[in-house]
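Trainee: Sharing a structure below in structure tokens format, with a few things to ask.
The values are calculated or read from the model by the stated rules, or taken from the named source; none is laboratory data. Everything numeric in this text was worked out from a predicted model, so none of it was measured. Counting neighbours? That spans all protein chains shown, and the Cβs are built from the backbone with ideal geometry, glycine included. These accessible areas exclude ligands, DNA and RNA; they are computed on the full protein's heavy atoms, side chains included. Shrake-Rupley method; radii C 1.70, N 1.55, O 1.52, S 1.80 Å.
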Amino acid sequence: MRISVKNILPLLLLVTIVSCKSSKRVSGGSTAEIAEGMNALEAVIENHADFTTLTSRMRITLPIKGNPTSLNGTLKIKRNEFIQLSVLAPVPLVKIEATSIEIGREQITVIDRINKRYVVAPISELKSLIKTDLDYFALQALFTNSVFLPGKKEINSRDFPLFSLSRSADNGDYQLFRKEKGLNYIFSIDPLHAELTASRVQTSSSPYAMEWMYSNFTPLGDKRFPSEMNILLDGGSRTEQARIELSHLSADSEDISPIQIPARYDEVKLEKLIRQLINI
């Protein structure tokens with residue numbers, strides 16, 4: 001199978017449907033239920049793995065031409081600076097890097113090592129092309145199993161009044177809800193284990209939605225971190241799924257440097273790359 005940047009970028013483009021501020025207030029429950037929900041959110045924040053850098057081996061399964069295809073690689077995160085994904089070509093017994101992607105606060109860099117080309121584009125250009133408001137910190141929160149408010153680096157218990165609250169009658173999980181500019185943000189919290197189990201972003205007036213589900217929590221330092229992330233992308237008439245499986249997780253074990261563009265690679269315009277993705 002031929003590997004190019006087209007194989008992994010669809011996931012990154014589809015999951016970054018994030019927005020700005022919120023004006024919702026806590027509602028939908030008794031005073032006692034609201035207090036319990038606040039305690040659950042505080043517990044999730046306190047239980048979250050704290051790190052400056054995160055490194056992991058990665059197996060990513062993507063819908064490529066309608067079929068689930070698994071690729072090996074690595075995931076690296078330098079908190080509040082950038083997220084890096086490296087994907088290997090599916091060549092048995094040989095580790096050849098096919099694609100490197102770095103999403104930073106201001107720009108995205110893609111290196112297609114098979115075809116010797118690259119893209120460097122400001123996030124603002126990506127916003128304009130796919131007509132949605134991107135936020136690096138929200139994307140970082142999705143990769144690091146965090147409740148988020150778009151436009152903020154991180155949240156704390158003082159942000160709880162910005163959410164509505166409900167509790168599932170089936171399993172007792174809490175759901176935190178907020179709505180802003182036509183998007184609904186829903187976070188599912190397991191109060192028993194103080195863990196975020198799902199983040200969902202959906203449009204208010206159409207069936208389009210993305211749900212990022214977390215499972216198989218494993219030790220990371222003195223906390224726990226999900227080793228499996230399942231991503232559901234609902235386009236109304238078409239639904240796609242992706243899965244990220246992590247292993248050999250390590251926190252603060254190495255410094256992570258920005259990726260470097262090799263000499264003699266050809267630059268490709270982001271708009272051209274987006275047009276290619278539309279035809280996947």
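Trainee: Suppose we filter Ile114, Ile96, Ile64 for residues that are without any contact (Cβ under 8 Å) to a residue 24 or more places away in the chain and farther than 16 Å from Phe143 by Cβ; which single one remains?
Mentor: Answer to the selection: Ile96.
Trainee: From Gln107, Gln84, which residue is in contact with a Lys or Arg (Cβ under 8 Å, 6 or more places away or on another chain) and at pLDDT 90 or above?
Mentor: The match here is Gln84.
Trainee: Further question on the same structure: What number of residues within region 97-116 are part of a strand (DSSP E or B) and open to solvent by 50 Å² or more (accessible area, probe 1.4 Å)?
Mentor: 2
Trainee: Which residues, counting only those in region 79-93, are of a type outside the set (A, V, I, L, M), touching a residue at least 24 places away in the same chain (Cβ under 8 Å) and either open to solvent by 40 Å² or more (accessible area, probe 1.4 Å) or not in a strand (DSSP E or B) (or both)?
Mentor: Arg79, Asn80, Glu81, Pro90
Trainee: Turning to a different aspect of this structure: Among the residues of region 169-206, how many are over 19 Å from Phe217 (Cβ atoms), in contact with a strand residue (DSSP E or B) (Cβ under 8 Å, 6 or more places away or on another chain) and part of a loop (DSSP other than H, G, I, E, B)?
Mentor: 2
Trainee: Based on this model, can you work out whether Met210 counts as modelled with pLDDT under 85 and either assigned to a loop (DSSP other than H, G, I, E, B) or not hydroxyl-bearing (Ser, Thr, Tyr) (or both)?
Mentor: yes
Trainee: Now for a separate question. For Ser227, only one of the following conditions fails: (1) over 16 Å from the mean Cα position of the chain (by Cα); (2) under 29 Å from Asn67 (Cβ atoms); (3) assigned to a strand (DSSP E or B). What is its number?
Mentor: All conditions are met except number (1).
Trainee: Within region 34-72, work out how many residues are of a type in the set (Gly, Ala, Ser), part of a strand (DSSP E or B) and surrounded by fewer than 17 Cβ atoms within 10 Å (Cβ to Cβ).
Mentor: Selection size over region 34-72: 1.
Trainee: Please specify each residue of region 157-168 satisfying the condition of being part of a helix (DSSP H, G or I) and either touching a Leu at 6+ places or on another chain (Cβ under 7 Å) or free of Cβ contacts under 8 Å to residues at least 24 places away in the same chain (or both).
Mentor: Hits for region 157-168 are Ser157, Arg158, Asp159, Phe160, Leu162.
Trainee: OK, next. Out of all the residues in region 197-215, is one or more surrounded by fewer than 20 Cβ atoms within 10 Å (Cβ to Cβ), within 22 Å of Leu41 (Cα to Cα), touching a helix residue (DSSP H, G or I) at 6+ places or on another chain (Cβ under 6 Å) and among the small types (Gly, Ala, Ser)?
Mentor: no
Trainee: Limited to region 221-280, what total is found for residues that are at pLDDT 90 or above, touching an Asp or Glu at 6+ places or on another chain (Cβ under 8 Å) and on the phi > 0 side of the Ramachandran plot?
Mentor: 0
Trainee: Filter region 137-162 down to the residues that are open to solvent by 30 Å² or more (accessible area, probe 1.4 Å), within 13 Å of Tyr185 (Cβ to Cβ) and among the charged types (D, E, K, R) and list them by number.
Mentor: Lys152
Trainee: Turning to a different aspect of this structure: Is there any pair with a first residue in region 221-240 that is farther than 26 Å from Ile45 by Cα and a second that is at pLDDT below 95 and among the aliphatic types (A, V, I, L, M) whose Cβ atoms are under 6 Å apart and which are 6 or more apart or on different chains, and what are they?
Mentor: Cβ pairs passing all conditions: Leu233/Leu14; Leu233/Met210; Asp234/Ala209; Glu240/Leu233.
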